[in-house]
Amino acid sequence: MHDLEFKTGKIRAFECYREAWQMIKPQFGMILIISLVGMLIGGVFSIVMGAMLCGIYLVLFDVQEGRTIKFERLFKGFQFFLPAFLVWLLFVLPIVVMIVIVYIPMIGIALAGERMDESEVMTFVIGALFVEVVFAIFMVCFHTLLLFAFPLIVDKRLSAAKAVKLSAKAVWQNLSGVASLFGVGFLVSLAGMLLFCVGIYLTIPLILASTVVAYRKVFPGQIETAFPGPPPPSSYKGL
């Protein structure tokens, strides 16, 4: 039975990023390669993106616990394929819905051509833009609630439903800290884009690592799926 309790008021965005950088700096090159490969595989084969994210989080949890990481650890994320896939669907489905609602009708207008007058076209375009903005705000809020879902799957071996529910509850109870974490993440991403846009790729490990640091502040403990360490000295009593 898993302990599903979490702490509140522990997330400090700049502190999380500072700790994240100190955490990944000694092995940054390998972490960068693992992150980019995982994202590339997930980008090409979207069905495995959830598993790739779980693999990246496994690596970052290992780093957090002071272990030397190995590239093949990335593919251990497939152990959590089903719950990770279901959570990933929650990220993707709102985007699909937005495309269906907004962009497909716009294609229909383009095909209609002169059968619609200018006022009708402008009315539809304004309405479509409004719907798109509303959907964008909804997706940001919804995706924010899922911030800890993948780490929970890896750390607590929760099902997709339990991970989503607990993540949403923990994020809501730490909303100001999570919002500031996203704000700093946006600035970090912006700084990366200013480096000829290539720098954005360098920021991926830092942003993911900051999520791990924030997660561990909310859910303290040690990952249950990590390689076991040596037994405590008390285990040898009586031998």
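For this structure, a couple of remarks:
- The lysines whose alpha-carbon is closer than 21 Å to the alpha-carbon of Lys217, local same-chain residues fewer than 8 away aside, are Lys7, Lys10, Lys25, Lys156, Lys162, Lys165, Lys169.
- Counting only the Cα atoms, the range 134-203 fills a convex hull of 111 Å³ per residue.
- Counting only alpha carbon atoms, the long axis of helix 175-194 and the longest principal axis of the chain meet at about 70°.
- Stokes-Einstein D in µm²/s, Kirkwood radius over Cα pairs - the range 45-185 at 10 °C with 1.306 mPa s viscosity: 91
- Calculated over the range 1-99: convex hull of Cα atoms, volume per residue (Å³): 159
- Acute angle (nearest 10 degrees) that the helix 49-64 long axis makes with the longest principal axis of the chain, alpha-carbon atoms: 40
- Heavy-atom accessible area per residue - the chain, 1.4 Å, Å²: 57
- Ordering Met122, Met39, Met139 by accessible surface, largest first, gives Met122, Met39, Met139; the 1.4 Å probe counts only protein heavy atoms, with every chain in place.
- In plain terms, the bigger the Kirkwood radius, the slower the diffusion; for the chain, with that radius from Cα pairs, at 20 °C and 1.002 mPa s, Stokes-Einstein puts D at 108 µm²/s.
- Using alpha-carbon coordinates, inclination of helix 160-173 to the longest axis of the chain, degrees: 90
- The Cα atoms of the range 166-227 give a gyration tensor whose axes a ≥ b ≥ c have a/c of 1.5 or more with a/b no greater than b/c, which makes the shape oblate.
- Global geometry of the range 1-41, whether rounded, prolate or oblate, following the gyration tensor of its Cα atoms and the 1.5 cut on a/c: oblate
The values are calculated or read from the model by the stated rules, or taken from the named source; none is laboratory data. Being a predicted model, the structure only gives us computed values, none of them experimental. Areas reflect the complete protein model, heavy atoms only, side chains present, ligands, DNA and RNA absent. Shrake-Rupley method; radii C 1.70, N 1.55, O 1.52, S 1.80 Å.
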